[in-house]
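The values are calculated or read from the model by the stated rules, or taken from the named source; none is laboratory data. Every value quoted in this text rests on a predicted model; they were computed, and no experiment measured them. As a convention, Cβ positions derive from the backbone with ideal geometry for all residues, glycine included, and neighbour counts pool all protein chains shown.
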Amino acid sequence: MNIIAICGSPRKGNTEFTLKRFLTKAEEYGHKVELVLLREKRISYCNGCNICMREGNPCPIVDDAKMIMERMAANDMIVFGSPNYYNNVTGTMKVFFDRLNPFYSDKKLSGKKAIAIFVGDEVKSIDKAIFSVQSIANSFGLDLVGDLYLCASGPQDVERNAESVQKIDEFAKNILS
Ligand SMILES: Cc1cc2nc3c(=O)[nH]c(=O)nc-3n(C[C@H](O)[C@H](O)[C@H](O)COP(=O)(O)O)c2cc1C
């Protein structure tokens, strides 16, 4: 399988580490992987022009969203990774989600697999955070085949916690081996 992971954290921290670890394991299981760090990309807000709602019409905004969407359409599995910010994805990820609107009409993601990975400092927020990715999956016909939620606050908390690292490895094994 070809797997693309998209990281919605505005910092080099737990989400980035988790995605990289997941992708390393995926490679070990024979999959081809790529990672997109949204914090390094130029992604403008959706302006609501709705031009993309007519099938075949590309988004008229010229920035990095186009290239990332092409890569998403070229892969079999999309991993959405975000810190939990107020029981949702980060603003960075939400701005990106809105720009995925062309997929609503062109259905280029339909039938692909998706995974949601969240990091947050409190466990009780898990359901609400994952709901945001479920909405995206439902809208674009993605099959959400797994989700992982890790508890962490400081940027290296996951990396330094052997139990968390083991959770990532087991999650990757269950989904990908
Ligand atoms: C603006 C903001 C809002 C946050 N809101 C929540 C929250 O609602 N629930 C939670 O569990 N953690 C919350 N957190 C904590 C982060 O999810 C946590 O620090 C996480 O490890 C950050 O991931 P990162 O290292 O990949 O950036 C929030 C952090 C920030 C900066």
Inset, instruction - Would you mind stating whether residue 131 is farther than 11 Å from residue 84 by Cα, of a type in the set (A, V, I, L, M, F, W, C) and modelled with pLDDT under 95? - result: yes
Inset, instruction - Return the total of residues in segment 116-150 being under 23 Å from residue 11 (Cα atoms) and in contact with a strand residue (DSSP E or B) (Cβ under 7 Å, 6 or more places away or on another chain). - result: 15
Legend entry - Residue count for segment 121-160, restricted to those that are within 16 Å of the ligand (Cβ to nearest atom) and either in a helix (DSSP H, G or I) or buried (at least 21 other Cβ atoms within 10 Å of the Cβ) (or both): 15
